[in-house]
1. Tally the residues that are surrounded by 13 or more Cβ atoms within 10 Å (Cβ to Cβ) and part of a helix (DSSP H, G or I), restricting the search to the stretch 25-39.
2. For the subset of the stretch 14-24 comprising residues that are of a type outside the set (A, V, I, L, M) and not in a loop (DSSP other than H, G, I, E, B), which member is farthest from residue 74 (Cα to Cα)?
3. Would you pick out the residues in the stretch 43-77 that are under 15 Å from residue 20 (Cβ atoms), of a type in the set (S, T, N, Q) and surrounded by fewer than 16 Cβ atoms within 10 Å (Cβ to Cβ)?
4. Six or more apart or on different chains, Cβ under 6 Å: which pairs go from a residue in the stretch 36-47 that's at pLDDT 90 or above to one that's surrounded by 16 or more Cβ atoms within 10 Å (Cβ to Cβ) and of a type in the set (A, V, I, L, M)? Could you list them?
5. Are any of the residues in the stretch 52-64 assigned to a helix (DSSP H, G or I) and in contact with a Pro (Cβ under 8 Å, 6 or more places away or on another chain)?
6. Return the residues of the stretch 19-35 that are without any contact (Cβ under 8 Å) to a residue 40 or more places away in the chain and within 11 Å of the chain's Cα centre (by Cα); say none if nothing qualifies.
7. Looking for something within 9 Å of the chain's Cα centre (by Cα) and farther than 20 Å from residue 75 by Cβ - is there at least one such residue anywhere in the stretch 44-53?
Amino acid sequence: MAATHYSPLPDEIEDPVSYKEASALLARTGHKVDPETIRRWVREGKLETVRKRRTDYASWTDILDVHFERTAAKLRASSNWP
């Protein structure tokens, strides 16, 4: 008999991540982002969020897409762009 997995994370979003977790993961890319900046991106992009125990969760895939767009725009505007 298979055991049922009970996750403390929200079920409504397929790949939920908190803003703090997303910030820590994005720091590994070399383009750090503050959790409050991620919160602003989510609000500006009207991304779907779920609140669980006073913590907001958003889709990791959506946050990655926004991070890609913002980082690419920042690099294009800098003098380091080829």
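The values are calculated or read from the model by the stated rules, or taken from the named source; none is laboratory data. Keep in mind that this is a model prediction, so the values were computed, not measured. A quick note on method: Cβ atoms are made from the backbone with ideal geometry, for glycine too, and the neighbour counts reach across all protein chains shown.
1. Number satisfying all stated conditions: 6.
2. Across the stretch 14-24, the extreme among qualifying residues is 16.
3. Correct list: 55 only.
4. Pairs that qualify, where the first residue is at pLDDT 90 or above and the partner is surrounded by 16 or more Cβ atoms within 10 Å (Cβ to Cβ) and of a type in the set (A, V, I, L, M), are 38/22; 41/66; 42/58.
5. Checked against the condition, which is being assigned to a helix (DSSP H, G or I) and in contact with a Pro (Cβ under 8 Å, 6 or more places away or on another chain), the stretch 52-64 yields at least one hit.
6. Scanning the stretch 19-35 gives 19, 20, 21, 23, 24, 25, 33, 34, 35.
7. No, that holds for no residue.
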